[in-house]
1. Determine which member of the set ASP362, ASP373 is without any contact (Cβ under 8 Å) to a residue 12 or more places away in the chain and not aliphatic (A, V, I, L, M).
2. Residues to consider are ILE473, ILE491; find the one that is over 16 Å from ILE549 (Cα atoms), under 46 Å from the mean Cα position of the chain (by Cα), buried (at least 16 other Cβ atoms within 10 Å of the Cβ) and in contact (Cβ under 8 Å) with a residue 12 or more places away in the chain.
3. Identify, from the list THR768, THR709, THR751, THR726, the residue that is hydroxyl-bearing (Ser, Thr, Tyr) and within 22 Å of ILE801 (Cα to Cα).
4. Residues that are surrounded by 23 or more Cβ atoms within 10 Å (Cβ to Cβ) and not acidic (Asp, Glu): which strands (runs of 3 or more DSSP E) entirely in region 544-648 hold 2 or more of them?
5. I need the full set of residues from region 650-684 which are over 30 Å from PHE759 (Cβ atoms) and among the charged types (D, E, K, R), in order please.
6. GLY301 versus (1) crowded, with 24+ Cβ neighbours inside 10 Å; (2) modelled with pLDDT of 80 or more; (3) within 25 Å of the chain's Cα centre (by Cα): which is the lone unmet condition?
7. Quick one: GLN375 ticks every box in (1) surrounded by fewer than 18 Cβ atoms within 10 Å (Cβ to Cβ); (2) not in a helix (DSSP H, G or I) except a single one, so which number is it?
Amino acid sequence: MPSIETLSTEHAITIMDSRRQGLSHAEAHQRLQRHGPNRLPAPAPDSLWTRLGRQLNNALVWVLVAAALVTVLLQHWVDAAVITTVIVVNAMIGLVQEGQAERALQAIAALVPRTAQAYRDGVKVPLDAGELVPGDWVWLDAGDLVPADLRLLECHGVSIDESMLTGESVAVGKSTEALAQPAPLAERYCMAYSGTHLVAGSAIGLVIATGADTEVGQVSQLVSQLASQVKTLKTPLLTQLDRLFQRLSMAIVALALALFAFGVWQARLPLDQLFMAIVGLTVAAIPEGLPAVLTITLALGVQAMARRRVIVRQLPSVETLGSVSVVCTDKTGTLTQNQMTLTHLVTADQHFQVSGSGYDPDGEVSPQPWHADVQRAGRVAQLCNDARVALSGGHWQVVGDPMEGALAVFAEKTRVNTNEWARVSAIPFDAAHRYMAVLVADPDGHHQIAAKGAPEAIAALCAHAPDDLALQIEALAGRGMRVLALADGPIHDANLSGVGWRGHLNWIGLVGLIDPPRPETESAVKEILNAGVEIKMITGDHPVTASAIAREIGLPDADRAITGTELDTLEPAEWADVARHYRVFARTSPAHKLALIGALQHQHQTVAMTGDGVNDAPALKKADAGVAMGQRGSAAAREAADLILADDNFASVVAAIREGRNLFDNLHKVIRWNLPTSAAEAGVIVVSLLAGLQLPISALQILWVNLVTAITLGLALAFDPARAGTMRRPPRAANAPFLSRADVVQLLWVTALFVALVFASYHAAVATGHSHAQAQTLAMNLLVGLEVINLVAVRYSAGGITMAGALRGHRVMWGCIGAVCAAQWLASSLPLAQQVLGTADLGLVAWLWIGGACAAALAVLTAVAQVRADALTTARA
């Protein structure tokens with residue numbers, strides 16, 4: 001059967017209901033039973049235990065649980081309490097954020113209005129909108145939300161704001177005429193869709209779909225499907241870290257079991273000492289402080305983004321932005337202000353520029369001085385207008401049609417005063433005749449006509465129109481503008497219903513209106529592109545408008561736009577090529593946005609999506625990082641997103657990417673510092689057991705070192721600021737390993753260096769007459785010193801910082817180092833600590849030895865880092 005919008009009004013009525021008096025109450029009740037209420041289905045919420053289980057079922061948590069159990073067995077109650085707290089905090093964060101899918105669906109459901117005016121048994125009655133059924137006749141007035149999907153049967157000057165579904169920045173004029181053929185949603189002029197807003201006129205519509213069958217219902221179903229498939233708390237980084245910890249945990253357990261068996265076989269140590277050594281090895285090797293540091297680092301990223309007006313709804317998504325390689329963005333309300341602005345006036349003699357932006361009346365018409373046509377244009381813009389602009393909550397807002405709001409603002413800029421003019425009658429705008437005309441009386445009582453509308457329609461009402469009118473229209477439309485014509489003229493019979501005035505009006509000129517880009521958008525786009533991140537504009541707006549905005553903000557290949565109709569003809573294998581090579585996608589539906597994001601993700605791209613409308617909610621949900629506008633964005637978009645821009649500022653996306661990259665850099669540094677130090681602590685025990693040597697550091701001392709350094713020193717790196725060049729390097733590949741081959745090689749040789757220095761220092765101390773306790777104390781403090789040195793070396797080797805800068809650090813770094821040094825001094829000097837840990841006082845020579853060994857290690861580490869940096873620079877060149 002042909003689609004309902006291509007059928008004549010009479011045919012559509014016949015299919016839905018043959019009676020023009022509406023349904024009977026009995027028939028309506030039967031249809032309500034058959035189709036269900038006009039509400040969007042709510043998802044069944046998971047139980048608390050199910051949601052809690054999801055939070056605990058990942059490798060990071062299992063590592064924490066294992067570490068907590070070991071520390072409990074060792075009766076390290078403080079350590080166990082800290083680890084348990086981290087487990088609980090992580091689970092609570094996840095539980096709080098888990099309900100976002102349900103809230104997204106509830107936000108979409110809220111778009112369905114609560115009441116409607118419908119005909120039942122030939123009488124117009126108020127109904128609960130949930131009781132509407134297909135076949136109902138619904139009456140709409142200006143300001144109403146459309147309660148269901150309607151085929152319009154009567155229209156009187158109807159304009160509907162459909163931006164929440166289509167991305168179309170201008171209210172769409174409606175008519176009852178059937179379409180010649182199926183068209184994109186934004187071009188179905190005889191239809192009105194549930195949740196959209198009637199900004200002008202009145203209409204009667206026939207309900208053709210309710211509840212989940214409506215267009216907004218289909219968006220809801222997409223979000224519901226994606227909630228269980230796509231959006232989890234696992235980012236690419238955490239997925240990689242899960243794998244890393246799984247492998248590390250298995251390797252540590254296997255090593256511990258093998259060494260325990262080896263120790264029993266060799267019988268070099270008593271069984272209880274062997275067991276303690278193995279436990280010490282396990283605790284030292286498992287970086288139990290690392291998950292806590294990762295969580296704190298993510299939390300610091302959240303705070304940094306909050307200072308930049310970016311609200312983070314999911315903790316791990318902070319890091320995801322750092323690896324974003326493609327930003328897919330809606331146009332209306334995201335790149336643009338979603339406020340129509342009149343920017344050009346073209347009269348018969350001159351082209352005028354109009355400054356200012358949005359609905360703020362601050363601006364002027366230039367060049368000056370003006371001639372009479374500017375005053376006439378301002379007068380018509382003010383008189384032939386049903387909208388008004390007012391200051392509300394510190395922002396200028398329009399009440400009525402956005403395009404008429406732009407005309408009202410333009411009138412203010414021309415400084416005309418029509419307070420003493422009176423409207424006598426009007427012909428509302430209608431898609432059939434495509435103009436609006438008003439009959440007004442001037443202060444002297446003379447009657448005049450003011451008219452605005454489509455240029456061709458206004459030209460037909462005028463005695464003369466410019467010979468180059470088509471060229472003028474093309475010049476404005478080619479820049480993505482909506483073009484209107486203005487005209488005025490006297491009338492003698494004071495009656496608009498007559499035809500005598502038609503063909504006798506005086507042409508004033510054309511005005512060009514556009515939803516302009518946000519002031520910060522162009523520089524933000526430039527910075528994102530310089531960071532090696534692709535930008536794709538995906539909008540429901542017209543391709544000409546989309547390309548014009550893309551050109552204005554500096555998007556490459558802006559003139560190459562592909563439409564949703566063309567996307568519908570693609571074979572599945574062609575999507576990847578189109579997603580890769582096009583940057584402007586126009587007249588798209590939510591399904592198109594999902595398919596494009598999926599095609600990019602299939603190519604191992606990490607995708608961020610920005611948007612503000614209901615039609616953006618599924619794409620925000622599917623993207624690796626969904627970013628919604630906080631001020632003008634719909635509730636559905638905000639609930640589906642991972643991050644919200646509190647200031648609706650697209651430039652905040654740049655700041656968020658920068659913070660995300662810095663977060664990854666800091667996490668990378670934390671792990672590059674943590675793994676060699678944990679491995680060195682474990683390596684001391686492994687070498688001793690395999691070689692049958694005396695432990696240079698006792699198992700209890702290693703546990704002490706692990707306790708005082710695991711979180712403190714690692715945490716210092718989490719506070720590092722973004723390094724130079726952060727936004728001038730390409731994004732990290734989604735499938736790239738977290739630790740490169742060079743990182744692994746460095747891990748091995750740094751571990752070997754530290755273990756060798758510890759053993760050498762211990763045996764040198766014994767050989768020079770130090771007691772066993774003093775030699776172990778020297779080795780323990782040297783190991784801590786080497787971990788501090790490694791902290792500085794890791795900061796330096798990360799690049800973008802001088803050696804002086806690496807040493808200078810910041811207050812948090814030196815506070816952590818100071819705390820560790822104080823703890824070590826107390827552990828080495830206090831009598832009680834000496835009894836518990838088996839430490840002893842050290843002389844000046846021993847401390848100088850520790851300092852010299854650390855300095856030598858720093859020289860080696862920084863020299864290797866410099867060689868590696870030079871090799872990398874040469875390779876890039």
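1. ASP362
2. Selected residue: ILE473, the only one of ILE473, ILE491 that is over 16 Å from ILE549 (Cα atoms), under 46 Å from the mean Cα position of the chain (by Cα), buried (at least 16 other Cβ atoms within 10 Å of the Cβ) and in contact (Cβ under 8 Å) with a residue 12 or more places away in the chain.
3. It is THR726.
4. 584-586, 607-611, 625-629, 643-645
5. Answer for region 650-684, where residues must be over 30 Å from PHE759 (Cβ atoms) and among the charged types (D, E, K, R): ARG658, GLU659, ARG661, ASP665.
6. The number of the failed condition is (2).
7. Every listed condition holds for GLN375 apart from (2).
Each row is one residue, and each column tells you yes or no for (1) among the charged types (D, E, K, R); (2) within 17 Å of ILE514 (Cα to Cα).
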{"position": "ALA377", "(1), (2)": "no, no"}
{"position": "GLY393", "(1), (2)": "no, no"}
{"position": "PHE410", "(1), (2)": "no, yes"}
{"position": "ARG423", "(1), (2)": "yes, no"}
{"position": "TYR435", "(1), (2)": "no, no"}
{"position": "LEU439", "(1), (2)": "no, no"}
{"position": "GLY445", "(1), (2)": "no, no"}
{"position": "LYS452", "(1), (2)": "yes, yes"}
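The values are calculated or read from the model by the stated rules, or taken from the named source; none is laboratory data. Predicted model only: the values in this text are computed from it and were never measured. Here the Cβ is made from the backbone with ideal geometry for all residues, glycine too, and neighbour counts use every protein chain on show.
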